[in-house]
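The values are calculated or read from the model by the stated rules, or taken from the named source; none is laboratory data. Predicted model only: the values in this text are computed from it and were never measured. Here the Cβ positions follow ideal geometry from the backbone for every residue, glycine too, while neighbour counts run over all protein chains shown. Remember, those area values only see protein heavy atoms, side chains included, never the ligands or the DNA or RNA. Shrake-Rupley method; radii C 1.70, N 1.55, O 1.52, S 1.80 Å.
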Amino acid sequence: MTATAPAPSPARAARATAYLPRLALVLAALLASLFTAASPASAHAALTASDPKDGAVVATAPAQVTLSFSEQVAMGDDSIRVMDPQGKRVDTGELRDMCSGSTVRYGTALHSGLPNGTYTVAWQAVSADSHPVSGAFTFSVGAPSATSVSLPDRQAGGGPVGVVYDIARYAAYAGFTVLVGGAAFILLCWRRGSAERPLQKLVVRGWVTLTAATLAMLVLRTPYTGSGKFADVFDLDGLQAVLETKTGASFVSRLLLLGAAALFIAVLFGAYARRQKTSLEAVDETGAGDGTGAEAEAADEAEKETSDLAFGLAIGGTVVAGGIAATWALAEHASTGIQPGIAMPVDILHLLAVAAWLGGLVALLVALHKVPDIEREAVQRFSKVAFISVLVLAVTGVYQSWRQLGSWSALTGTSYGRLLIIKVSLVAVLVAIAYLSRKWTGRLGEVRSTEEAGAGATGEEPAEVLAGADVSRETSTGSGSDAGSDADPRRAAQLARQRAAREKAREKQVRDADPGRAGLRRSVLAEAGVAVVLLAVTTVLTSTEPGRAAQLETNRSTAGPAVPNRAVKITLPFDTGGQNGKGTVRLELDPGRVGANTLHLWADGEDGKPLDLPEIKIAFTLPAKEIGPLPVAPDRDAPGHWSASGVQLPLAGEWRIDVTVRTSDIDQTTVQKNVKIG
C-alpha cells in the first residue's frame, strides 16, 4: 500500500466541526459584500447612437429626437422626454417606433419654433433581457446656454428597490440550485437520503426560497423598472402591465412550475421515501437469511416498484427543473443577441449543470455533517455526477463566453470579461478541491477496509459495530431496569431523552472517529464555501452588461465624432444663360451625417440680393453604392430661401449633391458638388 499523509485526529475533526457556524458567517459576509457591489444592475442594451448627438450644436431645432440601441428594448409614450433650458417639456409625448430589420430606433417629435439654447434628453427603457436601462444627454440649438435641468443621478434599477430586487435575484438562483441539486443528489446518488430529515429540510427550504424570491420580484417589478418607490408595489395597473411583458410571463410560469415541483417533493419525501425504506428492510431481512422464498419475491417486487417510481420521479423532476431553468433563459441574456435559438437551450443546460454540481455539493455537505452513516458509494456516485456536470459547464460556458464577449479585448476591457475571469478562476479552485475530496473518498474506503480486515484477524468488531451494540445493550438494559417507571410518565420521558442524548453522542463519536470521513467533510465544506462565492459571482455576471454591448457603448463614448460638429455648407455658382440667369446658391445640410438632416438653401443674384427662383430641385446620389438619386423638394420659406426637414442619408460615403436651378420657363441648369457624409 502506498504511503499516505497522517490522518487528522478526532479532536481536530471535532474542532473543525465547531468552526462551521463561524465559517458560515464569514461566507455570508462575503456574499453580502458581493450583493452590495452588484447593485445597481448594469445596463444590457447600449445606446449606440442618437440624433442629435450628445453635446451637438445644431443650427436649427430638429423636428424630432431619435435614439438607437444595440438590442430590442421596451419603451412607452413617456420613455423619451426632452426639456428646454427652463425644464419645460418640448416633446409631443408620442413615441415613434422607427425599428427596421436589425436596427432598433425610437424617437419622439418636438414642438416647432423652439428657441436657441441647451436641451436635455432623458430616456428610460427595459432591455430585452429584462433589465431596466436609462440615460440622459444634452444638445444645443444655435449655441449652448445655461440650463436649470439637472441630469438624473439615479440609474434605472438602482436605489433601495434595486438592492432588494437584486437580493431576491440572488435568493432565486440559490433556491433553484439547492432545490434541483438536492433532489438530484437523492435520486442519482443516495436514494436512502429521501427518508433523512436533514436532506428533506434542505430541499424544502430551497423550494420556499425560490418561491418567495419569485413572488418578491414579481411585485417589485413595477418600482424596479419605473419610479423606484416601494409604494408602487400596490399599483395594480403596473402589476397588470408587468404580467403582459416577457419578464412577467416568466415569473408566472415559474410559479406554476413550482406548484408542480411541490407535488414532486411530496411524492419524493412521502410515497417514495416509504417504499425505499420498506424495500431496504426487505432486502436486509432476505440478505440475513431470515426470510422465506415468498419474502424474497416480495423484496424483489418492492425493489422493482421503488426503481420504477424513482425513474418516474427522475423524468418528471428533469422536466420541471428544465422548465424552471427555461424561465431564466427565455427572459434574460440568452433570449437576446446573436443565435438565441441555440443560446436558450445551452443556457438551460448550463443552469441544470450548475444546480446538479453546486446544489448536490450542499446536499453532500449536509449529509456528511448530519447523517453519520452515508455510504461511500453515494459519495463516489456524486463524484461522477459532478464530473459530468463540470464537462457540461465547460462546453456551455465556452459558447456563452464567446457569444457575450465577442472579442478577446472584451475579456480584459469590460466588467463582464473581468467577472468571467474571476468565475473561471473559482471554477478551477473548486475543481482542485474536488480532486482532494476524491482522494479523501478513496482514503475513506482504505480506512474501513483496514478496520474490517483487522477485525477479522483478531476476532474483534469494528468501532461502529461495537458502538451500535453498546447502544443496543444499554437500551435493552435500561428498559428492563426501568420497567417499573411506566407508572411515572415524567420519569419515562426523562429516561427517553437521556437515551436519545446518549445515542446521539455515540453517533457523533463514531462519525468524528473516522479520519477519512472527517477529512472528506472538511474538503466538501471548503468546496461549498467556494461554491457560494462562485454562485454569487455568477449572479452578478447575469446582471452585468455583456462584453459585446459594453464595447459598443464604449466605442460610442470614447471614439471621435463620426460626423462633423458643424453643418455641411457649400456654395455653387450657376448660369442658366438667360436674363438674370447668373448667381449663386448656398446649401447647408445639418448635421451633415447619416440619418435625418435639415436642409436650407439660399439663392443670391449677381448683385448679392436674394433671388426668388421659379423652381429649384435637389438630389443626393452615392455612386459608390449605386444609391440615388434621392430627390428632395424643399419648401419656400421666404424670397430666396428654401428648406426641408427629415432629409435621410442612409449610408456614409462620398455623396454628390445636384442642384437644379430654373430662372425662367426655358432657362435652367444643374450644378453639383461632392461632399463627404460621416
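Numerical summary
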| item | result |
| --- | --- |
| Cβ-based net charge around TRP207, under 13 Å, with every Lys or Arg adding one and every Asp or Glu removing one | +3 |
| Debye intensity ratio in log₁₀ form over the Cα atoms of the range 126-248, taken at each q of 0.21, 0.23 Å⁻¹ | -1.09, -1.22 |
| Burial order of peptide ranges 524-531, 73-80 (average beta-carbon count within 10 Å, highest first) | 524-531, 73-80 |
| Solvent-accessible surface (1.4 angstrom probe) belonging to THR670, in square angstrom, nearest 10 | 80 |
| Accessible area of the range 618-678 divided out per residue, in Å², using a probe of 1.4 angstrom | 55 |
| Per residue Cα convex hull volume in Å³ - calculated over the range 591-678 | 100 |
| Highest-first arrangement of 355-364, 575-584, where packing means the average Cβ count within 10 Å | 355-364, 575-584 |
| Rounded to whole Å, sorted largest first: equivalent-ellipsoid semi-axes of the range 78-142, Cα gyration tensor | 24, 14, 10 |
| Cα centroid separation - the range 568-611 against the range 352-417, whole Å | 69 |
| Restraint check, LYS304/LYS384; LYS609/LYS676; LYS569/LYS676; LYS569/LYS625; LYS384/LYS423, Cα-Cα greater than 18 Å | LYS304/LYS384; LYS609/LYS676; LYS569/LYS625; LYS384/LYS423 |
| Accessible area of the range 173-278 divided out per residue, in Å², using a probe of 1.4 angstrom | 44 |
| Rounded percent of accessible protein surface that carbon and sulfur make up, the range 586-674, 1.4 Å probe | 49 |
| R0 of 35 Å, Cβ-Cβ distance ILE422-ALA195: FRET efficiency to nearest 0.05 | 0.30 |
| Compactness of the range 60-190, expressed as Rg and Dmax over alpha-carbon positions, Å | 21.3, 76 |
